[in-house]
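Please treat every number below as a calculation from the coordinates, not as lab data. These numbers come from a predicted model, not from an experiment. Here Cβ is always computed from backbone atoms with ideal geometry, including for glycine, and neighbour counts include all displayed protein chains.
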Amino acid sequence: MSKPHKPRRRADNEAQAIARAIRTSPRKLNLVAELIRGMDASKALAELTFSKRRIAVTVKKVLQAAIANAENNHQLDVDRLYVAEAHVGKAFAMRRFHARGRGRSAGIVKPFSHLTVIVREREAAKTAEKSA
């Protein structure tokens, strides 16, 4: 006998991808996540491709994973996807020390972050209005 099936947390027209322990601070990661919130998936990928920030490469990978999840696991139409949510959370912080002069030391904090990207399929009516 196995465990009972858990109900799906997301709606039927949503898919998500999560990246844990990304080596950047949440503040810097949130600047990139702000760029793509509410955008169409294809436009968000283009925005991240040409972004100068280092962490944009990682955010692009997570967005591509969310799009792939939507297409392969939930049979959603890729052309109608948009970034519904992109939220950032704190992970752990590695603590290091830096030797200073006269026998003193200074602390160094190397923060890590979590990123969750949720893509949602637009309704057909709204898509038709935009193209008209």
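Could you sort out which of LYS61/LYS110; LYS52/LYS110; LYS3/LYS60 sit more than 31 Å apart by Cα distance in this structure? As for pairs spanning more than 31 Å Cα to Cα, those are LYS3/LYS60. Fully extending the segment from ARG95 to ALA124 would add 5.4 nm, taking 0.36 nm per residue of separation and subtracting the current Cα-Cα distance.
Magnitude of the charge dipole for the chain, about its Cα centre and with charges confined to Cβ atoms of Lys, Arg (+1) and Asp, Glu (-1), is about 1420 debye. Using C-alpha pairs below 8 Å separated by at least 6 residues, the relative contact order for the chain is 36 percent. Taking 0.36 nm per residue of separation and subtracting the Cα-Cα distance, full extension of the segment from ARG54 to SER105 would add 15.4 nm. Each of GLY103, ALA91, VAL57 was scored by the projection of its Cα onto the charge dipole of segment 14-123, and the greatest displacement toward the positive side belongs to GLY103; charges sit on the C-beta of Lys, Arg, Asp and Glu. Sum up the charges of everything whose Cβ sits under 14 Å from the Cβ of ALA11, counting Lys and Arg as +1 and Asp and Glu as -1, but leave ALA11 out. Result for the local shell: 0. Against the empirical curve 2.2 N^0.38 Å, the C-alpha radius of gyration of the chain lands at a ratio of 1.36.
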